[in-house]
Amino acid sequence: MDSEHWRAVITAAQAGDRRALDELVAGWLPLVYNIVGRALNGHADVDDVVQETMLRAVGNLGSLRDPDSFRSWLVAIAMRQIRDRARRKTPDRLEEAPASDFADLTVLRLQLEGQRREVAEAVRWLDDEDRQLLSLWWLEVAGELTRRELAAAVGITRQHAAVRVQRMKERLETSRGIVRALDGACPGLRELTGRWDGRPDSVWRKRLARHIRGCGYCGGTRETVVPAERLLVGIALVPLPVGFTLSLAFGGKTAVAATSAGWSAKLLGALTKPAVAVTAGATIVAGGAYVVTQPPDAPPPRAAIAPTATATSEPPRTSAPPAPTPRSSPSATKKTDPYGTVVDAVDRAPDPDTPPAALPRRPESGITSTGGPKAVMQHRGDRVTLTGRGYVLVRWQISPGSRPGALVMPSWTGLKGRLFHVASGGSRRMDDPLPGAPNGYATGMGGPGIGYAVLPPGTQQMWQNEYFYLDGTVTLTQNERGCDYGLIVFPTDRDAVVEDIGQGPPQGAIRYGLVRDTGTDSAPVPQYVTRETPADPAMVPQRSRV
């Protein structure tokens, strides 16, 4: 940090310089966003807490006597707002799922891999108090805060802070071991987690840690474990999400409070002028409201690319003119149902030599997943919550040789927003004959020698890769109970979808993919989808309506 530069900016902002105040908000918002986002693990309250923190900072800027202490002062305000939010939590909100898991945001937006990814994902397993401390310690290790500022923000001495940080680090290392073990294939761990709902908490942290300590497979370290502080050195702040807005409105009591705090009439006048000024990604709009957005030339984060069939040439149709962009908001239509009908009819296999139609274009800002860039769901009750605007790949892995029988379909629950079925790919339907199978009898659904996975009556046949478009949030639950099957869930993008479904017979695949997206609000939705959150997701009606 250039302390001399920021001292001048803060002093100018206190004197009523609108551009300086604009630069101050835009420059320090990412730090506040990272502290709050990590402390609350991306909970839906993150935006509110960030907004309240910045509002209080701007409103009390005139009372700051030493510009050099601005950073520690701002961090202390953020931590007070985080603690206030924790005290205000009501019992019915304790089980709310994160709006967009911050561990995933960290992994996706900073492109973390290996043990750095492991540290980010381990944060989910920490208790609220440890996560709040880690949100500061992470920034201390990354060079954004000092130990003195960390201690001041928590309200303890530096000696006490050292003890608290050491205890938090021990629990973080335990959590890293859990992340490593869950990525493995320990049979004992699979049996233990058969009743786990997939949500990290302190009870399961203790159970899993106890298993790992006594398990030769899980406890065996297959690579050198690098200390967390060495992994975090130099990691940048997680950038603001595309379209992130911060509205700091000055009016009524807020303006009075700002005046009593020492703000000049010149500054308040600047804040209420019906003018627009854009500086460093921040905007002051009419009425004195701040709107801070990621600059338009900053590219959206690229999610993990889904696996595709092998290709030896460029996929066809990628140069086709884009279809008109459809309406992106359910409120844009006056129909009772905001978008199309549920796909609940058995479909015929398309001609393998017929290329798919052009895939319409829809807005993309990226999808975050509580399961990370590759969520593997093998047991009944495994679930993943997806949030954002973009494409998701659900890859089927049916194992009738292990346990054939009736297949209980996965379900989409708690839908907020819209969910479309956009395409099917992977170069084959699950009932297509497998290459080399005797007499063509063996398919992805099984064969006469091992048995078959049997779909519920009227269910549409799956393809190896099924693609969906999400604009909102939804939870996908694996309901495996009869036939043995698994799902792998990847956030992806339109380019990967087009590449997959465009690879047809000339590249050695069985068939081209299939486009299901109509490009309008009549696009099909999954069969087992509901806006409710039932106690047993496997009981979602097949012909459900949203």
Specify the residue that is nearest to Thr520 (Cα to Cα); the eligible residues are those in region 360-384 that are hydrophobic (A, V, I, L, M, F, W, C) and in contact with a Phe, Trp or Tyr (Cβ under 9 Å, 6 or more places away or on another chain).
Ile367
Counted residues in region 522-546 being in contact (Cβ under 8 Å) with a residue 60 or more places away in the chain and part of a loop (DSSP other than H, G, I, E, B) come to 17
Please give the number of the condition Glu95 fails out of (1) at pLDDT below 70; (2) among the acidic types (Asp, Glu); (3) in a helix (DSSP H, G or I).
(3)
Just to be sure before I move on: is Arg380 of a type outside the set (Ser, Thr, Tyr), in contact (Cβ under 8 Å) with a residue 24 or more places away in the chain and either touching a Gly at 6+ places or on another chain (Cβ under 7 Å) or open to solvent by 20 Å² or more (accessible area, probe 1.4 Å) (or both) in the structure I sent?
yes
Test for Gln478: is it at pLDDT 85 or above and surrounded by fewer than 18 Cβ atoms within 10 Å (Cβ to Cβ):
no
Odd one out for Thr254 among (1) open to solvent by 50 Å² or more (accessible area, probe 1.4 Å); (2) modelled with pLDDT under 80; (3) not aromatic (Phe, Trp, Tyr):
(1)
So His5 passes all but one of these: (1) of a type outside the set (Lys, Arg); (2) touching a residue at least 40 places away in the same chain (Cβ under 8 Å); (3) farther than 24 Å from Thr106 by Cβ; (4) open to solvent by 10 Å² or more (accessible area, probe 1.4 Å). Which condition number does it fail?
(2)
For region 490-546, what are the residues that are among the hydroxyl-bearing types (Ser, Thr, Tyr) and modelled with pLDDT under 85?
Thr520, Ser522, Ser544
State whether the residues of region 413-434 include one that is surrounded by 20 or more Cβ atoms within 10 Å (Cβ to Cβ) and of a type in the set (Phe, Trp, Tyr).
yes
Search result, residues across region 160-206 that are hydrophobic (A, V, I, L, M, F, W, C) and within 21 Å of Glu140 (Cβ to Cβ):
Ala161, Ala162, Val163, Val165, Met168, Leu172
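Conditions tested, residue by residue: (1) at pLDDT below 85; (2) in a helix (DSSP H, G or I); (3) more than 24 Å from Gln378 (Cβ to Cβ); (4) open to solvent by 40 Å² or more (accessible area, probe 1.4 Å).
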| site | (1), (2), (3), (4) |
| --- | --- |
| Leu136 | no, yes, yes, no |
| Gln159 | no, yes, yes, yes |
| Gln166 | no, yes, yes, yes |
| Lys169 | no, yes, yes, yes |
| Leu192 | no, yes, no, yes |
| Arg207 | no, yes, no, yes |
Arg516 being open to solvent by 30 Å² or more (accessible area, probe 1.4 Å), touching a residue at least 12 places away in the same chain (Cβ under 8 Å) and within 22 Å of Val376 (Cα to Cα):
no
Look through Gly390, Gly372 and report the one residue that is open to solvent by less than 20 Å² (accessible area, probe 1.4 Å), touching a Gly at 6+ places or on another chain (Cβ under 7 Å) and either part of a loop (DSSP other than H, G, I, E, B) or under 21 Å from Leu419 (Cβ atoms) (or both).
Gly390
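The values are calculated or read from the model by the stated rules, or taken from the named source; none is laboratory data. The structure presented is a predicted model; accordingly, all values stated were derived computationally and were not measured. Neighbour counts are summed over all protein chains in view; Cβ atoms, including those assigned to glycine, are modelled from backbone coordinates with ideal geometry. Surface areas here come from the heavy atoms of the whole protein model, side chains and all, with no ligands, DNA or RNA. Shrake-Rupley method; radii C 1.70, N 1.55, O 1.52, S 1.80 Å.
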